[in-house]
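Every number here is computed from the coordinates shown, using simple stated rules; none is lab data. Here the structure is a predicted model, which means the values were calculated and not measured. Here the Cβ is made from the backbone with ideal geometry for all residues, glycine too, and neighbour counts use every protein chain on show.
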Amino acid sequence: KNGGFLAPKSIANRIKAKGLQKLRWYCQMCNKQCRDENGFKCHCMSESHQRQMAMFSENSGKYMDEFSREFEEGMMEIIGRKARSQRCSANVVYREYIANRHHFHMNSTIWETLTDFIMYLGRE
C-alpha cells in the first residue's frame, strides 16, 4: 500500500533525516534538530525544552562557556590537522567543522561571528 519504503515521500523523509538541515531550526540546549518552523515551535513548547531552558536561565554563563569551549576545541582540532604547516582560510576550516552534524553551533557560543572567533584566537 502507498508504495511503502520506496515511495517518494519516504525517500524524501530519509534524505532529510540523514543530512544537515537548516541551523534555524536547531536547539543547542536540547541537541534537537527540527525540520521546519512548526516542528521547532512545538519543540519550544514541550516540557523537556522548558526544563532545559530553566536550567540555562539559572546559569547561562556556564552553558555559554561550555558550548564555546567545545566549539573552540573542535575548530582547533581541524586547524591543527589542516593548517599545521600552511595558511588556511577560516571559512574552509569552519565548513569542515560544520560538516559534522553533531557540531556545536556558533550561535550558541560567546562569539557572534567567525571573525570574532578568529580575533579571539589571535589574542590568545
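May I ask which residue of Met64, Ala83, Tyr120 lies farthest towards the positive end of the charge dipole of the chain, with charges of +1 (Lys, Arg) and -1 (Asp, Glu) on Cβ and the Cα centre as origin?
Ala83
If you average 1/r across every pair of different Cα atoms in the chain and take the reciprocal, what Kirkwood value do you get, in Å? Display every interim value, and only then the final one.
On the way: mean 1/r = 0.0595 Å⁻¹.
Taking the inverse mean of 1/r over all distinct Cα pairs, the chain comes out at 16.8 Å.
Using the structure shown, list the pairs from Lys9/Lys41; Lys41/Lys62; Lys41/Lys82 with a Cα-Cα distance above 27 Å, or answer none. Can you show the working numbers first?
Details: Lys9/Lys41 23 Å; Lys41/Lys62 25 Å; Lys41/Lys82 38 Å.
In this structure, Lys41/Lys82 exceed 27 Å between Cα atoms.
Once amide H atoms are placed 1.01 Å from N in the peptide plane, what residues at a sequence separation of 5 or more from Ile110, or on another chain, have their amide H within under 5 Å of its amide H?
Placed amide hydrogens put Ser68 under 5 Å from Ile110.
Report the label-to-label distance for Tyr120 and Arg101 in nanometres (one decimal), using points 7 Å from each Cα along the Cα→Cβ vector.
The answer from the label model is 2.7 nm.
I want to check the label-to-label distance for Glu47 and Met64. Put each point 7 Å from Cα in the C-beta direction and report it in nm to one decimal.
3.1
Mind checking the dipole of the chain: about its Cα centre, +1 per Lys or Arg Cβ, -1 per Asp or Glu Cβ, Debye to the nearest 20? Let's see the in-between values first.
Values: 20 positive and 14 negative charges, 181 e Å.
The calculation lands at about 880 debye.
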